[in-house]
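Here is the structure we will look at, set down as structure tokens.
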Amino acid sequence: TTFLTASTRLANRHLLVTAGGTREPLDPVRYIGNRSSGKMGVAIVKAALAAGAKVTLIAGSVQVALPIHPRLTVQRVTTTAEMLAAAQAAFPTVDAVVMAAAVADFRPATISDQKIKKQAGQEAFTVQLVKNPDILATLGAKKTTQVIMGFAAETNDLLAHAKEKLAKKHADYIVANDVSQAGSGFGVATDQVTILTPDQAPQAWPLLTKQEVGHRLVALLAARLAK
Ligand code: CTP
Ligand code: CA
């Protein structure tokens, strides 16, 4: 935190961060989920707290310890619908949103209230999925003064896909991550990200620890909010 200067401080600013994966139930004992650890989101929370911000963390399924801090409020959620509701409730009072959660794109069309049983002789099982709301795009469409940062995890055509997400979701920043690269993405401690923002050329950052990426992203937001 030694590099914090006046322009990277976030005192009296309120950040909303989402982290971890959402889970969509199929029945009382099963869900559809993803491998998100929540590391990146938690790194951003820690960096924001170190910069003096008040932070609201909406956490789905995470595999890392969540920080405890007097300026941090944590809200736990399971499904995408719950994460959307919590994010919409917090949105009007925050200065910036960092959407680091791995949100399930689809959920089972119906949730059985009893455990789904195998039928005698059944050799296949089909689950119908329906599209989930896009939390980032929903907030992006409603933003007034909030600065919105989203992520893009891609295995191919990184910049094209990330650029499309920047525009479609009305984001101010997209942090693009090529998850097909060995040092980046799920489960690893490092990321090589590229930052996209409207009207600027994409900026590729070197391979950094997720915590260092978190500090730099928070510094970006702080500089933007100081303008
Ligand atoms: N996101 C969201 N709500 C969703 C899906 C994604 O808020 N239902 C957010 C993620 O938190 C992330 C950004 O949108 O900040 C991009 O997520 P990503 O999965 O890379 O993109 P999608 O728009 O879902 O497109 P696809 O998975 O098809 O690449
Ligand atoms: Ca997705």
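Among Thr126, Thr138, which is part of a helix (DSSP H, G or I) and either more than 16 Å from ligand 2 (Cβ to nearest atom) or closer than 23 Å to Val17 by Cβ (or both)? Testing whether each residue is part of a helix (DSSP H, G or I) and either more than 16 Å from ligand 2 (Cβ to nearest atom) or closer than 23 Å to Val17 by Cβ (or both) leaves just Thr138. Considering Val55, Val77, the condition of being at pLDDT 95 or above, open to solvent by less than 20 Å² (accessible area, probe 1.4 Å) and over 19 Å from Lys210 (Cβ atoms) is satisfied by Val77 alone.
Return yes when Gly150 is surrounded by fewer than 16 Cβ atoms within 10 Å (Cβ to Cβ), in contact (Cβ under 8 Å) with a residue 24 or more places away in the chain and not in a helix (DSSP H, G or I) and no when it is not. It would help to see each step written out before you state the result.
Details: surrounded by fewer than 16 Cβ atoms within 10 Å (Cβ to Cβ): no; in contact (Cβ under 8 Å) with a residue 24 or more places away in the chain: yes; not in a helix (DSSP H, G or I): yes.
No, not satisfied.
Taking the numbered list (1) exposed (fewer than 15 other Cβ atoms within 10 Å of the Cβ); (2) within 12 Å of ligand 1 (Cβ to nearest atom); (3) assigned to a loop (DSSP other than H, G, I, E, B) in turn, Ala160 passes all entries but (3).
Within segment 10-35, being open to solvent by 10 Å² or more (accessible area, probe 1.4 Å) and among the polar types (S, T, N, Q) holds for Asn12, Asn34.
Residue check: is Ala176 in a strand (DSSP E or B) and surrounded by 12 or more Cβ atoms within 10 Å (Cβ to Cβ)? Talk me through it step by step, then tell me what you get.
Numbers: in a strand (DSSP E or B): yes; surrounded by 12 or more Cβ atoms within 10 Å (Cβ to Cβ): yes.
Against the criterion (in a strand (DSSP E or B) and surrounded by 12 or more Cβ atoms within 10 Å (Cβ to Cβ)), Ala176 qualifies.
When only residues in segment 99-137 that are surrounded by fewer than 11 Cβ atoms within 10 Å (Cβ to Cβ) and of a type in the set (Val, Ile, Thr) count, which is farthest from Gly150 (Cα to Cα)? For segment 99-137, the residue satisfying everything is Thr126. Candidates Ala43, Ala50, Ala87, Ala6: the one that is open to solvent by 20 Å² or more (accessible area, probe 1.4 Å), modelled with pLDDT of 95 or more and of a type in the set (Gly, Ala, Ser) is Ala50. Would it be correct to say that Leu166 is among the aliphatic types (A, V, I, L, M), more than 8 Å from ligand 1 (Cβ to nearest atom), in a helix (DSSP H, G or I) and open to solvent by 50 Å² or more (accessible area, probe 1.4 Å)? No; evaluated as a whole, the condition is false for this residue.
Being in a loop (DSSP other than H, G, I, E, B) and either within 15 Å of ligand 1 (Cβ to nearest atom) or hydroxyl-bearing (Ser, Thr, Tyr) (or both) is the filter here; which residues of segment 95-117 pass it?
We begin by selecting, within segment 95-117, every residue in a loop (DSSP other than H, G, I, E, B); these are 95, 100-101, 103-105, 109-117.
Within segment 95-117, Ala100, Ala101, Val103, Ala104, Asp105, Thr110, Ser112 meet the criteria.
The values are calculated or read from the model by the stated rules, or taken from the named source; none is laboratory data. Here the structure is a predicted model, which means the values were calculated and not measured. Neighbour counts are summed over all protein chains in view; Cβ atoms, including those assigned to glycine, are modelled from backbone coordinates with ideal geometry. Ligands, DNA and RNA are stripped out before the accessible areas are found, and what is left, the full protein with its side chains, is counted by its heavy atoms. Shrake-Rupley method; radii C 1.70, N 1.55, O 1.52, S 1.80 Å.
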